[in-house]
Amino acid sequence: MRVANVGGRLAVAAGDRWVDVATASAGRFSPDPQAVYDRWDEFVAWAGEGLGAEAFPATGGLGTPVPAPRQIVAIGLNYREHAIESNMAIPEHPVVFTKFQSSLAGPDAVVELPSDGVDWEVELVVVIGREAHKVPAEKGWDFVAGLTVGQDLSWRAVQGRGPAPQFAIGKSYPGFSPIGPVVVTPDELADKDDLAISCALDGEVLQDGRTSDLIFGVAELVGRLSESLTLYPGDVIFTGTPKGVGMGRTPKRFLVPGTLTSSIEGIGDLSVTLVNGF
Ligand code: ZN
């Protein structure tokens, strides 16, 4: 199943059409794209009964598919080669930080670069479908509603300033957390633990990897995070970026205005427009 925010309302794909969920369900489910995760199992069961694609079309542009998660968890240094290019040790425990909700954006967002020092990080983003606390890693996937594509845009100088790194601030400027275009349930994917992941600026490929290279994969992340946290339905996890970021290059390289397209096999392309905001 593929779900999206179409025209600000929850929609589900039926073939090549979008169905407006609130209308098709006669009000049983809210049009709020965030609210569905609190009733995810019930929603999946309803959607499996068949949809009135012709009768209840959704119209409008694609918005942020998960617009108001209670928590946004992000993981650093979660691909071996990226840890090496960052001159950091391979982590024994997940490196955890947050991206603030105000930085979320959807597909087709226009993102103002606040400086000429903003880096790119394409990431697989997990959407939680069931409350999770002290979940064993081998059951981690059972708590995942779906997957989407994300960018963890990062102003490196801000991220690293101060006596200790402040990842959350340097990664939370407006538009610094675009996600989308859709949320795809894991059953749609041939191998949910091995997906091609890449990003390109105006067609020039910047990162090109596979999620099978994650140090802590999706199920293990749910397990490890839930040792401490309670993960709520509708929370999102940015799982980390593969190698190829700009700060790891010689000379360093950062984003310039253009179209930044992030892609994950079986999920889709998330394209945002970058403009100078300084
Ligand atoms: Zn990241």
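Observations on the structure shown:
- Estimated [θ] at 222 nm from DSSP helical runs (n ≥ 4, -39500 (n - 2.57)) normalised by residues in the chain, nearest 500: -3000 deg cm²/dmol
- The alpha-carbon of Lys243 sits under 27 angstrom from the alpha-carbons of these lysines, leaving out residues fewer than 8 places away in its chain: Lys99, Lys171, Lys192, Lys252.
- Over the chain, Cα pairs under 8 Å with separation of 6+ residues give a relative contact order of 26 percent.
- Each of Thr23, Leu77, Phe56 was scored by the projection of its Cα onto the charge dipole of the stretch 5-77, and the greatest displacement toward the positive side belongs to Leu77; charges sit on the C-beta of Lys, Arg, Asp and Glu.
- Take the chain and mark each of the GluC sites (Glu not before Pro) that is in a DSSP loop with at most 10 other Cβ atoms within 10 Å; the longest unmarked stretch, sites excluded, is 93-278.
- Label point of Gln166 set 7 angstrom out along Cα-Cβ; within the stretch 239-263, no amide nitrogen lies under 12 Å from it.
- For the stretch 72-276, the dipole from Cβ point charges (+1 on Lys and Arg, -1 on Asp and Glu) about the Cα centre works out to 720 debye, to the nearest 20.
- Evaluated with a Cβ-only charge set (Lys, Arg +1; Asp, Glu -1), the stretch 163-278 carries a dipole of roughly 680 debye about its Cα centre, given to the nearest 20.
- Listed residue (Gly140, Phe97, Thr273) projecting farthest to the positive dipole end of the stretch 72-276, Cβ model: Phe97
Each value in this text was obtained by applying a stated rule to the coordinates, not by laboratory testing. Source: prediction; values computed, not measured. For neighbour counting, all protein chains shown are included, and Cβ atoms are generated from backbone atoms with ideal geometry for every residue, glycine included.
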